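Enquirer: Pasting in a structure now, in structure tokens, and then I'll have a few things to ask.
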Amino acid sequence: MTELASKLDDVTQRFAAAVDRANDEQALESVRVAYLGRNGEVTAVRRAIGALPPGERPEAGRVINDAVAAMERRLQAAHGELESRAFDAELAASIDVTFPSIRRPAGSIHPVRRIIEESCAYFVRHGFAVVVGPEAEPDYYTFDALNIPSDHPAREGFDSFWISDTLLLRPHTSPMQIRTMQQHRPPIAIVAPGKCFRRDAVDARHLFQFHQVEGLLVAEGINFGHLKGMLTGLCRELFGAQQNVRFRPSYFPFTEPSAEVDTTCPKCKGTGLLGSQSCNMCGGSAWIELGGAGMVHPSVLTEVGYDPDRYSGWAFGFGVERLGLTRYEVDDIRRFTKSDPNFLAQLS
């Protein structure tokens, strides 16, 4: 047993030295065959077990098996080291670590969010404050205080999302006008962006959930000319310096006089034509509708405790997605809700 252990120790030391000298896979395979192959040196040591007394043979077999296991682990480690060296050499030959890295794709502000931010920034520069409020409002702030009669269609279940008999998802951000006027005395100058909800059938021009930006100015001596000047400036801020604004007579319960607000079509630049054909964005009218506006109704001023003989004001409300249709020349409002990366990248 002592002689066999001495032989095994000698084989193990020479095996370790041979593994250390192997500098490629072929050399390492030669070491494996020479020591662990069918006719290798470990096999010769195993044959010597037959010359031992029967009582010593099991222990001798265990010792040899342990040595073989250790040698195989040494081979595996050597293989791993050679592979790592080869990989490092390949990287060094193919990669220039001083070369600029690949630019990772980055997201962008959603076009709806961008229009909200730029609209609010325009009004903030003119002294307006940005106010936000709850998306669920009592019918008092949504309808009653805005001079909307009890039989108005907007109060019906087929037009608004009611949560209870007196609470609904706001169909506009106008409740913030009432809340602000009740909390502050004139002068008041606010812009109110936010999400709104209406039971509209979804199509190329309508969504049941959309965004709105509203403005309100109340002070002494305010007139319709102030409204026209501010909205013309907003359109030029969003669509370009060539934009014009027109006001068409309309009716809203909370403003008097009231108007629908149009801006010159950004695609045909207000000509109504694209070449010899009618503009497909404005239908040849040269104008795009943005929303409603007007002078605050005296009944609304009275409701919040303002003297309508002393104070006057104007208000407007634009759909943000509608502004997006005009600004980006998009043909379908639903594209703003689909989160298509290619579409958003184009508008970024």
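Enquirer: Can you tell me which of (1) closer than 29 Å to Tyr311 by Cβ; (2) without any contact (Cβ under 8 Å) to a residue 24 or more places away in the chain; (3) of a type in the set (D, E, K, R) is the one Asp165 doesn't meet?
Expert: (1)
Enquirer: Starting from residues that are of a type in the set (Gly, Ala, Ser) and at pLDDT below 95, keep the ones in the range 195-220 and report whichever is nearest to Arg113 (Cα to Cα).
Expert: Ala204
Enquirer: Go through the range 165-188 residue by residue and tally those that are over 17 Å from Gly317 (Cα atoms) and among the polar types (S, T, N, Q).
Expert: Count: 3.
Enquirer: Something else: So for the range 3-17 (the condition being free of Cβ contacts under 8 Å to residues at least 40 places away in the same chain, assigned to a helix (DSSP H, G or I), in contact with a Leu (Cβ under 8 Å, 6 or more places away or on another chain) and more than 30 Å from Gly240 (Cβ to Cβ)), does at least one residue qualify?
Expert: no
Enquirer: May I ask you to verify whether Pro186 is under 15 Å from Val296 (Cβ atoms), surrounded by fewer than 21 Cβ atoms within 10 Å (Cβ to Cβ) and in contact with a strand residue (DSSP E or B) (Cβ under 8 Å, 6 or more places away or on another chain)?
Expert: It is true that Pro186 is under 15 Å from Val296 (Cβ atoms), surrounded by fewer than 21 Cβ atoms within 10 Å (Cβ to Cβ) and in contact with a strand residue (DSSP E or B) (Cβ under 8 Å, 6 or more places away or on another chain).
Enquirer: Taking the stated definitions as given, is Arg334 modelled with pLDDT of 85 or more, in contact with a strand residue (DSSP E or B) (Cβ under 7 Å, 6 or more places away or on another chain) and in a helix (DSSP H, G or I)?
Expert: Criteria not met by Arg334.
Enquirer: Quick check on the range 116-132. Is at least one of its residues of a type in the set (Phe, Trp, Tyr) and loosely packed, with under 13 Cβ neighbours inside 10 Å?
Expert: No, the range 116-132 contains no residue that is of a type in the set (Phe, Trp, Tyr) and loosely packed, with under 13 Cβ neighbours inside 10 Å.
Enquirer: What's the number of the only condition in (1) at pLDDT below 85; (2) not in a loop (DSSP other than H, G, I, E, B) that Ser339 fails to meet?
Expert: Among (1) at pLDDT below 85; (2) not in a loop (DSSP other than H, G, I, E, B), the lone unmet condition for Ser339 is (2).
Enquirer: Please state which one of Phe224, Phe210 is in the same structural domain as Val296 (by TED's automatic domain parsing), farther than 14 Å from Phe336 by Cβ and not acidic (Asp, Glu).
Expert: Phe224 is the lone residue from the list that is in the same structural domain as Val296 (by TED's automatic domain parsing), farther than 14 Å from Phe336 by Cβ and not acidic (Asp, Glu).
Enquirer: May I pose another question? How many residues, within the range 314-347, are of a type in the set (Gly, Ala, Ser) and touching a Pro at 6+ places or on another chain (Cβ under 8 Å)?
Expert: Total meeting the criteria: 1.
Enquirer: Which one of these does Ala192 not meet: (1) farther than 19 Å from Pro308 by Cβ; (2) surrounded by fewer than 20 Cβ atoms within 10 Å (Cβ to Cβ)?
Expert: Condition (2) is where Ala192 drops out.
Enquirer: What's the number of the only condition in (1) among the hydrophobic types (A, V, I, L, M, F, W, C); (2) crowded, with 18+ Cβ neighbours inside 10 Å; (3) within 23 Å of Thr173 (Cβ to Cβ) that Phe224 fails to meet?
Expert: (2)
The values are calculated or read from the model by the stated rules, or taken from the named source; none is laboratory data. Keep in mind that this is a model prediction, so the values were computed, not measured. Cβ atoms come from the backbone with ideal geometry, glycine included; neighbour counts cover every protein chain shown.
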